[in-house]
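The values are calculated or read from the model by the stated rules, or taken from the named source; none is laboratory data. Computed from a prediction, not measured in an experiment: that's the story for all the values here. When we count neighbours, we look across all protein chains shown, and the Cβ atoms used for this are built from the backbone with ideal geometry, even at glycine.
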Amino acid sequence: MARTIEGRDYMSDRLFGNPASSPTQAQIIALSENADAILASWSGFGAAGDEELSADGFARQVGVYAHTQGEQTSTLQHTFTHTGPSGGGTARTIRKVAVVAQPNGGAIPGAVNSGIYVFIMDQPNPPTLTGTDSLNQLVSIDFGA
């Protein structure tokens with residue numbers, strides 16, 4: 001069975017879009033400093049010491065969803081800002097990013113290490129942030145041609 005272009009748009013909107021069409025949409029972006037390999041059996045942050053960040057301005061946030069009908073890519077975006085003193089505070093190296101759905105909570109971020117971890121990826125070129133540094137985190141999901 002082949003997926004259609006309309007089917008790709010439908011899947012994207014159901015997964016990330018309107019809470020009225022999908023109350024468990026995956027719009028939450030979560031970050032981690034853990035550098036361990038991602039395993040196929042991985043079940044989310046909190047497993048094997050892979051803690052989700054919740055301090056210094058890096059707590060999970062609802063991302064802004066974007067998808068153009070007929071296109072194969074969907075994005076979520078949020079800008080995280082370190083809340084330490086200018087040029088100081090705890091250095092945070094962002095090594096993983098996840099997209100989380102919060103069952104029965106829609107786009108409410110929910111508790112740390114909770115929800116359904118729909119996607120996870122290693123952060124390309126992991127940034128280290130201190131002081132009032134910002135990270136414009138863009139997550140791009142490709143649904144294929």
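Restricting the search to segment 52-67, which residues are within 11 Å of the chain's Cα centre (by Cα) and polar (S, T, N, Q)?
Gln61
Are any residues in segment 96-135 surrounded by fewer than 18 Cβ atoms within 10 Å (Cβ to Cβ) and closer than 17 Å to Ala55 by Cα, and if so, which ones?
Selection gives Ala111, Val112, Pro127, Thr128, Thr130, Gly131, Thr132, Ser134.
So that you can scan it fast, the table gives a plain yes or no per residue for (1) modelled with pLDDT of 85 or more; (2) over 18 Å from Ser134 (Cβ atoms); (3) among the polar types (S, T, N, Q):
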position: Tyr10; (1), (2), (3): no, yes, no
position: Glu33; (1), (2), (3): yes, no, no
position: Ala37; (1), (2), (3): no, yes, no
position: Gly57; (1), (2), (3): yes, no, no
position: Thr73; (1), (2), (3): yes, yes, yes
position: Gln77; (1), (2), (3): yes, no, yes
position: Pro85; (1), (2), (3): no, no, no
position: Pro109; (1), (2), (3): no, yes, no
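Under 8 Å between Cβ atoms, at least 6 apart or on separate chains: pull out the pairs that start in segment 96-124 with a residue that is on the phi > 0 side of the Ramachandran plot and assigned to a loop (DSSP other than H, G, I, E, B) and end on any residue that is at pLDDT below 85 and among the aromatic types (Phe, Trp, Tyr).
Final answer for the pair search is Asn113/Phe45.
Please give the number of the condition Gln69 fails out of (1) of a type outside the set (A, V, I, L, M, F, W, C); (2) modelled with pLDDT of 75 or more; (3) out of contact with any helix residue (DSSP H, G or I) (no Cβ under 6 Å at 6 or more places or on another chain).
(3)
If the Cβ limit is 9 Å and pairs must be 6+ apart or interchain, which residue in segment 50-64 that is of a type in the set (Val, Ile, Thr) pairs with which residue that is outside any loop (DSSP other than H, G, I, E, B)?
So the pair list comes out as Val62/Ile28; Val62/Ile29; Val62/Leu76; Val62/His78; Val64/Thr75; Val64/Leu76; Val64/Gln77; Val64/His78.
Has segment 68-79 got any residue that is part of a loop (DSSP other than H, G, I, E, B), surrounded by 14 or more Cβ atoms within 10 Å (Cβ to Cβ), of a type outside the set (D, E, K, R) and within 15 Å of the chain's Cα centre (by Cα)?
no
Sort out which residues of segment 126-145 are in contact with a helix residue (DSSP H, G or I) (Cβ under 7 Å, 6 or more places away or on another chain) and part of a strand (DSSP E or B), and write them in order of number.
none
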